[in-house]
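For reference, the structure is listed below as structure tokens.
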Amino acid sequence: MSGVGAAPIGVFDSGVGGLTVLRAIHEQLPGESTVYLGDTARVPYGPKSPDTIRRYANEAAEFLLDRGVKVLVIACNTATAHASRRLSDRLDIPVIGVVRPGASEAVRVTRNGRIGVIGTRGTIDSGTYERAIRRVLPEAKVRSQACPLFVALAEEGWVSGDVAELTARTYLEGLLREGVDTLVLGCTHYPLLRGMLEDVAGPAITLVDSAEATARHTANVLDREGLRDERAAVSRQYFVTDDAERFEQLAEGFLGARVDGIEVVELGG
Ligand code: DGL
């Protein structure tokens, strides 16, 4: 097979977090080549203004388009919240964000219609998850909580233990009191904290990881658009905007595999 189907899937995030989405894409679409861009020079996106995040997302998208990607996966909730609509209006290739797949999955699994969402301040303040959930389940009761320290905990590797647990209990207290039965991990760093969050949330709460739902959605979009590729020899390319060494150290925990051949690039030029 040749032509557009053979082109890679482009995936970008502010840093390493999007590797949790890339991991799910590699698992569900093993015959597809991928190009990953982590904007490590400008991470975190979470506390930045919507305008700044949109500019960063545009530059990341241009970089991946130059590499000939056939579909763009925004593997960052904050960038999805602020930039996905404009990117899909502007680009000729399908643009996939992480919010809608996560929201649909939450609606699918909730039993009592009370859904908690955790994410960066940028994602939570945008109200994007509430809107996406209510679009599918108008009567849903959505309770959101920004958990900015979780990104630092995941990057430090402090994914369990006293500090992580106390932080989680403090952030989740309000959500738990409101009787949510579903908790959306609305940040691509959070799947690393999943085990600890499950303990803190308790067995009555189902955690939703938008990485898997996004990979499934990507597979559906490729099928729908006739862009699916199945080949034995695939390529996996990695680009960052700063400090390839630190990215390489962190990457294994997020991706579940070693990453080599990381190239440092400049965006926006
Ligand atoms: N990857 C980002 C997200 O999913 C979190 C990290 C950041 O703040 O840049 O929202």
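Only the coordinates and a few stated rules stand behind these numbers; no lab work does. Given the structure is predicted, the values throughout are model-derived calculations rather than measurements. Backbone-built Cβ (ideal geometry, glycine too); neighbour counts: all protein chains shown.
Going through region 210-238 one residue at a time, which ones are part of a loop (DSSP other than H, G, I, E, B), closer than 30 Å to Val264 by Cβ and charged (D, E, K, R)?
Scanning region 210-238 gives Asp229, Arg231.
With the structure loaded, tell me whether Glu156 is within 26 Å of Gly195 (Cα to Cα), more than 13 Å from the ligand (Cβ to nearest atom) and without any contact (Cβ under 8 Å) to a residue 12 or more places away in the chain or whether it fails that test. So that I can check it myself, show each step before the final result.
Values: within 26 Å of Gly195 (Cα to Cα): yes; more than 13 Å from the ligand (Cβ to nearest atom): yes; without any contact (Cβ under 8 Å) to a residue 12 or more places away in the chain: yes.
Against the criterion (within 26 Å of Gly195 (Cα to Cα), more than 13 Å from the ligand (Cβ to nearest atom) and without any contact (Cβ under 8 Å) to a residue 12 or more places away in the chain), Glu156 qualifies.
When you check Asp92 against the structure, is it among the charged types (D, E, K, R), out of contact with any helix residue (DSSP H, G or I) (no Cβ under 8 Å at 6 or more places or on another chain) and either part of a loop (DSSP other than H, G, I, E, B) or within 11 Å of the ligand (Cβ to nearest atom) (or both), yes or no?
Working: among the charged types (D, E, K, R): yes; out of contact with any helix residue (DSSP H, G or I) (no Cβ under 8 Å at 6 or more places or on another chain): yes; either part of a loop (DSSP other than H, G, I, E, B) or within 11 Å of the ligand (Cβ to nearest atom) (or both): yes.
Yes; evaluated as a whole, the condition is true for this residue.
Out of Leu72, Leu65, Leu37, Leu29, which single residue is out of contact with any Pro (no Cβ under 8 Å at 6 or more places or on another chain) and buried (at least 21 other Cβ atoms within 10 Å of the Cβ)? So that I can check it myself, show each step before the final result.
Details: Leu72 fails: out of contact with any Pro (no Cβ under 8 Å at 6 or more places or on another chain); Leu65 fails: buried (at least 21 other Cβ atoms within 10 Å of the Cβ); Leu29 fails: buried (at least 21 other Cβ atoms within 10 Å of the Cβ).
Only one candidate qualifies: Leu37.
Within region 177-187, does at least one residue satisfy the condition of being more than 12 Å from the ligand (Cβ to nearest atom) and in a strand (DSSP E or B)? Please lay out each step first, then the result.
Here is the first cut: in region 177-187, the ones more than 12 Å from the ligand (Cβ to nearest atom) are 177-183.
Now narrow it down to the ones that are in a strand (DSSP E or B): 182-183.
Among the residues of region 177-187, at least one is more than 12 Å from the ligand (Cβ to nearest atom) and in a strand (DSSP E or B), which makes the answer yes.
Within region 30-77, how many residues are free of Cβ contacts under 8 Å to residues at least 24 places away in the same chain and small (Gly, Ala, Ser)?
Counting residues in region 30-77 that are free of Cβ contacts under 8 Å to residues at least 24 places away in the same chain and small (Gly, Ala, Ser) gives 1.
For Arg108, only one of the following conditions fails: (1) away from the ligand (no atom under 16 Å from the Cβ); (2) under 18 Å from Gly10 (Cβ atoms); (3) in a helix (DSSP H, G or I). What is its number?
All conditions pass for Arg108, except number (2).
Out of region 181-199, which residues are β-branched (Val, Ile, Thr) and more than 19 Å from Thr120 (Cβ to Cβ)?
In the first step, residues of region 181-199 are kept if they are β-branched (Val, Ile, Thr); the result is 182, 184, 188.
Scanning region 181-199 gives a single hit, Thr182.
Spot the failing condition for Glu263; the list is (1) out of contact with any Phe, Trp or Tyr (no Cβ under 9 Å at 6 or more places or on another chain); (2) exposed (fewer than 13 other Cβ atoms within 10 Å of the Cβ); (3) of a type in the set (D, E, K, R), and only one is missed.
Among (1) out of contact with any Phe, Trp or Tyr (no Cβ under 9 Å at 6 or more places or on another chain); (2) exposed (fewer than 13 other Cβ atoms within 10 Å of the Cβ); (3) of a type in the set (D, E, K, R), the lone unmet condition for Glu263 is (1).
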